[in-house]
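A.B. asks: Here it is, the structure in full.
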Amino acid sequence: MTSAPPPAPVPLVDLAAQFARLRPRIEARIAKVLAEGRFILGPEVEELEGALARLTGAGHAVTVASGTDALRLALAAEGIGPGDAVFVPAFTFIATAGTVAALNAEPVFVDVDPETYTLSAADLARRIERVARAGRLKPRAVVPVDLFGLPADYAAIGEVARARGLFVLADAAQSLGGAAGGRRVGTLAPATATSFYPSKPLGGYGDGGALFTDDAARAALWRRLRHHGQEGEAAILLGANSRLDTLQAAVLLAKLEAFADELAARARVAGWYDRALPAGVVRPPRPKGVFSAWALYSVQVEGRDAVLAGLAAEGIGARVYYRTALHLQPAFARFGEGPGSLPATEALGRRILSLPLHADLDEATVARVSAALARALGRARAAGPATPRSAGTSPRRRGSRAR
Ligand SMILES: *Cc1c(COP(=O)(O)O)cnc(C)c1O
């Protein structure tokens with residue numbers, strides 16, 4: 001008995017396809033670094049910083065060793081430390097809150113807007129008041145996250161932060177290339193951190209990150225902090241070894257040439273999904289005037305874990321970002337208020353599911369993923385609800401602000 005071979009698996013991201021497309025220019029860039037031999041802070045690092053400043057429109061771009069270091073150095077540069085409260089979402093990657101705790105400041109978790117999945121300005125205002133009233137911590141900063149590539153609502157968050165004198169650091173690890181209100185990511189907050197982790201919209205072949213600001217003094221401080229706090233021969237403040245490798249800068253310069261086309265391709269894939277997905281699947285938010293970098297295409301479905309298993313059985317590389325919000329994770333539980341304290345965040349953790357998305361995905365494959373999702377959803381429904389029906393229908397879904 002013969003049967004057709006199973007269709008090829010569909011990976012969440014496909015770095016091999018991208019390499020096949022960009023190989024000559026990446027290899028030429030790497031060969032140049034090997035020939036020049038300036039592996040630390042070589043000319044490619046400066047060239048990349050210039051290109052990143054032009055890409056974002058920010059006055060200054062400072063590269064560092066990772067997105068995590070970008071967040072940590074930016075907070076350290078503001079003098080944030082013990083006794084300080086830094087407001088962060090819990091529906092994010094570990095580093096958003098981990099960097100706060102690493103400086104011995106305290107992450108204070110804020111719920112997300114159920115419509116956009118990004119930090120709720122209204123909940124931020126409430127939590128700042130509570131921290132201020134309790135008096136144990138000084139409200140110092142807020143780190144909104146551009147989740148899945150969609151810029152947070154910096155207009156509303158900035159208003160709350162200004163009224164309270166809080167520093168705003170954008171965690172744009174997932175959103176480089178995005179925009180809001182006619183301004184690009186990198187200029188939406190006084191300081192912005194991004195990541196070049198391989199699977200991010202602009203990814204290197206290893207770790208890397210960058211910071212953006214219009215403030216020359218702040219940029220100069222970041223440059224010092226990434227290089228042992230050194231100025232001339234003297235260590236004038238406590239810094240770190242957090243430089244971006246010249247080799248990574250070379251890879252990123254090669255990929256940057258294709259970045260605009262890749263962003264357009266990612267947006268096109270997202271549009272195909274929007275049209276092809278079955279009913280009952282909540283599409284990603286598309287607030288007016290806000291443009292995602294489409295780091296991930298994430299939907300909400302009932303019976304998420306059964307759907308995920310159904311997709312895996314068909315070779316579809318879907319994944320869950322983020323199943324367990326930070327306030328419910330062992331390392332961060334002591335900063336949070338336990339289950340039930342962030343209702344919109346917790347509801348999303350039960351329903352969210354990210355589908356394959358990258359610049360080399362074609363429409364036929366999107367159709368295949370969508371059909372597999374429809375089958376998995378049908379099977380999950382037939383098997384009965386795995387989670388209570390009310391789990392995802394947040395009471396605030398309807399009445400949330402328009403953007
Ligand atoms: C990837 C990511 C980071 C950390 O970036 P690294 O370069 O991996 O250190 C921080 N925040 C968010 C939201 C991320 O997705």
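A.B. asks: Is region 105-126 home to any residue that is free of Cβ contacts under 8 Å to residues at least 12 places away in the same chain and away from the ligand (no atom under 12 Å from the Cβ)? Before you say what the answer is, go through the steps one by one.
C.D. replies: As a first pass, look at region 105-126 and keep what is free of Cβ contacts under 8 Å to residues at least 12 places away in the same chain: 126.
Next, from what is left, pick out any that are away from the ligand (no atom under 12 Å from the Cβ): 126.
For region 105-126, residues free of Cβ contacts under 8 Å to residues at least 12 places away in the same chain and away from the ligand (no atom under 12 Å from the Cβ): present.
A.B. asks: Further question: So, in region 157-191, exactly how many residues are touching a residue at least 40 places away in the same chain (Cβ under 8 Å), more than 14 Å from H60 (Cα to Cα) and more than 10 Å from the ligand (Cβ to nearest atom)?
C.D. replies: The qualifying residues number 11.
A.B. asks: Please go through region 324-348 and give me each residue that is within 20 Å of the chain's Cα centre (by Cα) and more than 24 Å from V269 (Cα to Cα), ordered by number.
C.D. replies: Those that are within 20 Å of the chain's Cα centre (by Cα) and more than 24 Å from V269 (Cα to Cα): T324, A325, L326, H327, L328, Q329, F332, L342, A344, T345, E346, A347.
A.B. asks: How many residues are more than 15 Å from the ligand (Cβ to nearest atom) and hydroxyl-bearing (S, T, Y) if we restrict to region 34-91?
C.D. replies: 1
A.B. asks: Which one is surrounded by the most Cβ atoms within 10 Å (Cβ to Cβ), of the residues in region 128-156 that are within 16 Å of the ligand (Cβ to nearest atom) and in a helix (DSSP H, G or I)?
C.D. replies: Only one residue fits best here, namely L147.
A.B. asks: Determine, yes or no, whether V251 is buried (at least 19 other Cβ atoms within 10 Å of the Cβ), at pLDDT 95 or above, closer than 30 Å to G378 by Cβ and hydrophobic (A, V, I, L, M, F, W, C). Break it down stepwise before answering.
C.D. replies: On the way: buried (at least 19 other Cβ atoms within 10 Å of the Cβ): yes; at pLDDT 95 or above: yes; closer than 30 Å to G378 by Cβ: no; hydrophobic (A, V, I, L, M, F, W, C): yes.
So V251 fails the test.
A.B. asks: Quick check: anything in region 177-191 surrounded by fewer than 24 Cβ atoms within 10 Å (Cβ to Cβ), of a type in the set (G, A, S), at negative phi and out of contact with any helix residue (DSSP H, G or I) (no Cβ under 9 Å at 6 or more places or on another chain)?
C.D. replies: yes
Residues checked against (1) part of a loop (DSSP other than H, G, I, E, B); (2) in contact with a Phe, Trp or Tyr (Cβ under 8 Å, 6 or more places away or on another chain):
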| site | (1), (2) |
| --- | --- |
| V168 | no, yes |
| S175 | yes, no |
| T192 | no, yes |
| Y197 | yes, no |
| G204 | yes, yes |
| D207 | yes, yes |
| A217 | no, no |
| A220 | no, no |
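A.B. asks: Also: Any idea how many residues of region 192-208 are more than 10 Å from the ligand (Cβ to nearest atom) and either within 19 Å of L357 (Cβ to Cβ) or of a type in the set (A, V, I, L, M) (or both)?
C.D. replies: 2
A.B. asks: Another question, if that's okay. Is it fair to say A189 is more than 19 Å from P285 (Cα to Cα) and in contact with a strand residue (DSSP E or B) (Cβ under 9 Å, 6 or more places away or on another chain)?
C.D. replies: Taking the combined requirement at face value, the residue satisfies it.
The values are calculated or read from the model by the stated rules, or taken from the named source; none is laboratory data. Keep in mind it's a predicted model, so treat the numbers as computed, not measured. So basically every Cβ, Gly included, is an ideal-geometry build from the backbone, and we count neighbours across all protein chains shown.
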